[in-house]
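Below: one structure, written as structure tokens.
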Amino acid sequence: MTMALIMTLGLALLLGAALGALGGLLGIGGGILAIPVLVLLYGMDQQLAQGTALVMMVPNVLIAFWRYRQRNPFPLRTALAIGLTSILSTYPAARLAVALDARLLTLAFAVFLLWLAAYFLWTSRPRAGNASPGAHWNERYLPAVGVVGGLFAGLFSVGAGIVAAPILVRGFGKRQAVAQGLALALVVPGALVALTTYGRAQHVDWRLGAALAAGGMATVSWGVALAHRVPERRLKQSFALMLLLTALLMIGQP
């Protein structure tokens, strides 16, 4: 093993640790930030970055799901219904992603980051304490959340949990921590299907992805624990600004 390779894998371990902690903190699996890092720092094209990030996401999301359920128990039957239906949309979306022009996929991903930044800034606004929560949807529609999340899991390798959590909170009246745990449940099967699709298309750097995963697995539980102690508003604002900057850097790429 050459010194350059050792340094590359060592950096990947450190990056994975940082991303794993942040992913556990926000309930997102860390991939949403791993992809732009792989594009901007390692010079990967969009498909390769998304496929490699999936290697890191699968174990991190499994650990985060377990930790969230320990702290906020919810029915496994509900998690299973959401997770399995996500497969219905993940596979066709992943097939589309690996066939798209890399630059077009990069721009679409950057737009997705801008949308996420706007969402996090909007949800971080102060709210009146007596605001009415409104009516909630019937839980028989919960599997539809998996289908919506699966589309993002397949197309961008990430975003399923981020999209699903607000739907679960605002549409079904779930508490935020429970919603994040359920959202992680739909990420796992979708990520496995997407990883298989990207791997068959040879859009995965398995060695680098494994190093990122090892780093993330060491810190994701710490991130989940921290999520129950830090002020949510300031965290969302900082994360939104980071997404905004990342999106602009990706759009400005040649």
Inset, instruction - Inspect segment 225-236 for any residue being touching a residue at least 40 places away in the same chain (Cβ under 8 Å), within 16 Å of the chain's Cα centre (by Cα) and buried (at least 23 other Cβ atoms within 10 Å of the Cβ) and give the result as yes or no. - result: no
Inset, instruction - Please find, among GLN237, GLN253, the residue that is outside any helix (DSSP H, G or I) and more than 28 Å from THR78 (Cα to Cα). - result: GLN253
Legend entry - Which numbered condition GLY181 misses (of (1) out of contact with any Gly (no Cβ under 7 Å at 6 or more places or on another chain); (2) closer than 16 Å to ILE32 by Cβ; (3) among the small types (Gly, Ala, Ser)): (2)
Legend entry - Selected residue [open to solvent by 20 Å² or more (accessible area, probe 1.4 Å) and at pLDDT below 80] from PRO189, PRO254: PRO254
Legend entry - Single condition LEU48 does not satisfy, out of (1) of a type in the set (A, V, I, L, M, F, W, C); (2) open to solvent by 30 Å² or more (accessible area, probe 1.4 Å); (3) without any contact (Cβ under 8 Å) to a residue 24 or more places away in the chain; (4) within 21 Å of ALA247 (Cα to Cα): (3)
Legend entry - The one condition in (1) modelled with pLDDT of 90 or more; (2) surrounded by 15 or more Cβ atoms within 10 Å (Cβ to Cβ); (3) of a type outside the set (Val, Ile, Thr) that PHE74 fails to fulfil: (1)
Legend entry - Residues (surrounded by fewer than 24 Cβ atoms within 10 Å (Cβ to Cβ) and polar (S, T, N, Q)) located in segment 132-186: SER132, ASN138, GLN176
Legend entry - Number of the exception - ILE28 against (1) at pLDDT below 80; (2) in a helix (DSSP H, G or I): (2)
Legend entry - Any hit, segment 52-67, residues being farther than 18 Å from GLY161 by Cβ and either touching a residue at least 40 places away in the same chain (Cβ under 8 Å) or surrounded by fewer than 16 Cβ atoms within 10 Å (Cβ to Cβ) (or both): yes
Inset, instruction - Please list, ordered by first then second residue, the pairs with beta carbon atoms under 9 Å, 6 or more apart or interchain, first in segment 102-114 and free of Cβ contacts under 8 Å to residues at least 12 places away in the same chain, second buried (at least 21 other Cβ atoms within 10 Å of the Cβ). - result: LEU104/GLN46
Inset, instruction - Please state which of the following conditions ARG229 fails to meet, knowing it meets all the rest: (1) of a type in the set (D, E, K, R); (2) modelled with pLDDT under 85; (3) in a helix (DSSP H, G or I). - result: (3)
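The values are calculated or read from the model by the stated rules, or taken from the named source; none is laboratory data. Please read all numbers here as calculations on a predicted model, not as lab measurements. Here Cβ is always computed from backbone atoms with ideal geometry, including for glycine, and neighbour counts include all displayed protein chains. Areas reflect the complete protein model, heavy atoms only, side chains present, ligands, DNA and RNA absent. Shrake-Rupley method; radii C 1.70, N 1.55, O 1.52, S 1.80 Å.
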